[in-house]
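Below: one structure, written as structure tokens.
The values are calculated or read from the model by the stated rules, or taken from the named source; none is laboratory data. A quick note: this is a predicted structure, and the numbers were derived from the prediction, not measured. No Cβ is skipped: glycine too gets one built from the backbone with ideal geometry, and neighbour counts run over all protein chains shown. Heads up: the accessible areas ignore ligands, DNA and RNA and are worked out on the full protein's heavy atoms, side chains in. Shrake-Rupley method; radii C 1.70, N 1.55, O 1.52, S 1.80 Å.
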Amino acid sequence: MSTENEGTAVPPAPSAPPVPVETPAASAQNVAPEGGAPTAPIPAVPPSAPGAPEQAPALAEQPAYASVGAGQGADPHGQGTGAPGSAAEAGWPPPPPAVPSYADGGGSGAGGWGSSYQQPAPKPKNGRGGLVAAILVAALVAGGVGGGIGYSLARNNDNNSTDSTTVSAPSNSGDVKRASGTVANVAAKALPSTVTIEAESTSGEGGTGTGFVFDTQGHILTNNHVVADAVDGGKLTATFPNGKKYNAEVVGHAQGYDVAVIKLKNAPSDLKPLALGDSDKVAVGDSTIAIGAPFGLSNTVTTGIISAKDRPVASSDGSASSKASYMSALQTDASINPGNSGGPLLDAQGAVIGINSAIQSSSGGGLGGTSQSGSIGLGFAIPINQAKHVAQQLIKTGEPVYPVIGASVSLEEGTGGAKITEQGASGSDAVTPNGPADKAGLKPGDVITKLDDHVIDSGPTLIGEIWTHQPGDTVKLTYTRDGKTHTVDVTLGERKGDS
């Protein structure tokens with residue numbers, strides 16, 4: 001799966017390993033966040049975007065940065081290099097494939113990541129808003145009348161009989177003890193450590209997203225596209241469920257991973273970090289609990305299950321300046337909407353197993369438009385094992401580090417795997433001289449079909465899988481050349497920064 005990228009044609013989302021699945025015929029459509037929600041649905045490439053195909057957009061060949069080498073200029077959500085089929089250089093960042101959009105709606109549209117941030121729109125005074133209000137008033141009036149009639153009948157019954165047909169609850173019924181495994185208990189413990197983030201750029205654009213307490217020093221973990229507007233001199237605040245609001249600053253952000261760390265200014269001394277689980281041990285069917293601020297509604301709790309693992313996703317807001325991020329995501333049917341981005345995805349015990357980042361959308365409305373669809377039961381979260389490592393690196397150095405194989409791969413579908421391009425972006429070598437792939441004997445035209453035991457059905461899938469590792473790790477690549485299958489060990493190199 002993938003979300004739209006920088007306005008160039010974004011390829012359809014790849015199927016999830018281990019078993020390759022036929023990719024959707026058309027890319028997912030963009031979703032424009034209303035109310036500035038930072039989560040974003042998986043948008044489709046805007047028809048007006050440069051290089052966007054008339055029908056289902058095909059992934060342009062781009063550098064498989066961080067997973068197959070430095071990419072060209074595409075970022076985590078997939079930016080295109082131009083016309084589909086062009087080779088991406090082995091530099092960062094690679095262009096995004098097409099589909100999922102940020103769970104919060106997108107970035108600033110002026111180059112920001114994620115959903116296009118907008119301040120919450122005022123409540124409508126007429127139209128549908130007025131209709132809802134009228135219905136509510138009518139319901140209240142009807143309730144009052146019904147109550148009056150019921151009370152009168154009850155009095156009549158009391159006068160005619162001493163029998164009672166009602167049962168009163170114990171006076172201490174409010175002190176219910178909920179088991180540790182209940183959603184209510186998990187929510188009660190996790191909510192105090194979850195914050196609603198408001199990011200605003202110097203031009204006044206912005207929106208809301210979610211984050212959660214990472215450590216006792218005041219670090220908050222969230223998505224890069226949630227805070228992108230506030231990176232260059234903007235304003236950033238974090239509000240806890242108890243109403244306490246703190247100014248914050250960006251410590252580090254990784255566009256490729258779509259992970260960011262912010263730090264509270266004058267952080268309280270009683271912060272309680274959420275416990276981090278082990279996303280590698282998560283199984284399909286496990287219960288999930290998501291916390292966030294969908295459409296600006298802070299402290300919202302929704303539930304579901306893990307509906308798939310290792311889902312290749314490239315997400316972006318689809319704007320011309322947006323870049324793509326890649327992940328081998330946890331898929332959940334817990335209701336995730338614009339504004340949930342950056343929030344924790346918890347297991348039944350309350351441990352964080354992922355960061356909610358993107359959603360698949362079926363909406364026809366484009367980002368920046370007047371419509372924005374919500375959850376259709378396909379949400380994607382960055383596995384916490386990966387996010388934890390990235391966060392620690394950002395806190396330590398302020399910049400991300402990506403594992404690479406030093407080769408540029410095509411982001412096109414239908415290649416039967418991740419095909420190394422004949423040439424990198426801007427005329428560079430498709431296989432970096434003396435890089436990991438070169439040392440392993442890989443050449444342009446080779447098609448990588450497996451990484452260890454994971455089936456690779458496209459370039460984006462390879463990128464997402466490589467980014468679950470760390471520089472220095474050795475992986476086993478299976479590839480085909482001239483109809484013959486070969487297997488080789490590759491020691492991953494590294495690339496620092498997003499540029």
TODO: Please specify each residue of the stretch 199-219 satisfying the condition of being in a strand (DSSP E or B) and under 24 Å from L346 (Cβ atoms).
DONE: A199, G207, T208, G209, T210, G211, F212, V213, H219
Open item on the list: Checking the conditions here, which among K263, K281 is at pLDDT 95 or above, in contact with a His (Cβ under 6 Å, 6 or more places away or on another chain) and either of a type in the set (F, W, Y) or open to solvent by 10 Å² or more (accessible area, probe 1.4 Å) (or both)?
Closed with: K263
- [ ] Would you check if E422 is farther than 26 Å from L345 by Cβ and surrounded by fewer than 16 Cβ atoms within 10 Å (Cβ to Cβ)?
- [x] yes
Open item on the list: Residue pairs, Cβ under 6 Å, 6 or more apart or interchain, first in the stretch 331-355 and within 13 Å of G285 (Cα to Cα), second aromatic (F, W, Y) and open to solvent by less than 10 Å² (accessible area, probe 1.4 Å). List them.
Closed with: Q331/F380
Task: Identity of the residue in the stretch 283-298, among the small types (G, A, S) and in contact (Cβ under 8 Å) with a residue 60 or more places away in the chain, that ends up farthest from K244 (Cα to Cα) - done: S287
Open item on the list: With the requirement that a residue be in contact with a strand residue (DSSP E or B) (Cβ under 7 Å, 6 or more places away or on another chain) and open to solvent by 10 Å² or more (accessible area, probe 1.4 Å), what does the stretch 329-349 give you?
Closed with: Q331, D333, S335, N337, D347, A348
Open item on the list: open to solvent by less than 20 Å² (accessible area, probe 1.4 Å), in contact with a Ser or Thr (Cβ under 8 Å, 6 or more places away or on another chain) and modelled with pLDDT of 95 or more: which single residue out of A290, A314 fits that description?
Closed with: A290
TODO: Only residues that are open to solvent by 10 Å² or more (accessible area, probe 1.4 Å) and at pLDDT 95 or above: list them for the stretch 199-215, please.
DONE: F214, D215
- [ ] Kindly establish whether D482 is closer than 28 Å to H389 by Cα and not small (G, A, S).
- [x] no
Open item on the list: Quick check on V431: is it touching a Pro at 6+ places or on another chain (Cβ under 9 Å) and more than 15 Å from G464 (Cα to Cα)?
Closed with: yes
TODO: Please specify each residue of the stretch 415-462 satisfying the condition of being part of a loop (DSSP other than H, G, I, E, B), within 24 Å of D310 (Cα to Cα) and not β-branched (V, I, T).
DONE: G416, G417, D446, D452, D453, D457, S458
Open item on the list: Consider the stretch 371-403. How many of its residues are open to solvent by less than 20 Å² (accessible area, probe 1.4 Å) and more than 22 Å from the chain's Cα centre (by Cα)?
Closed with: 0
TODO: Only one of these is touching a strand residue (DSSP E or B) at 6+ places or on another chain (Cβ under 7 Å), touching a residue at least 60 places away in the same chain (Cβ under 8 Å) and either over 21 Å from K323 (Cβ atoms) or not β-branched (V, I, T) (or both): V431, V404, V390. Name it.
DONE: V431
Task: Checking A179 against (1) without any contact (Cβ under 8 Å) to a residue 24 or more places away in the chain; (2) open to solvent by less than 70 Å² (accessible area, probe 1.4 Å); (3) within 25 Å of the chain's Cα centre (by Cα), the condition it does not meet - done: (3)
Open item on the list: Go through (1) over 21 Å from S201 (Cα atoms); (2) part of a loop (DSSP other than H, G, I, E, B) for D232 and report which single condition fails.
Closed with: (1)
Open item on the list: If I filter the stretch 464-472 for residues that are more than 24 Å from K388 (Cβ to Cβ), of a type outside the set (G, A, S), in contact with a helix residue (DSSP H, G or I) (Cβ under 9 Å, 6 or more places away or on another chain) and open to solvent by less than 20 Å² (accessible area, probe 1.4 Å), do I get at least one hit?
Closed with: no
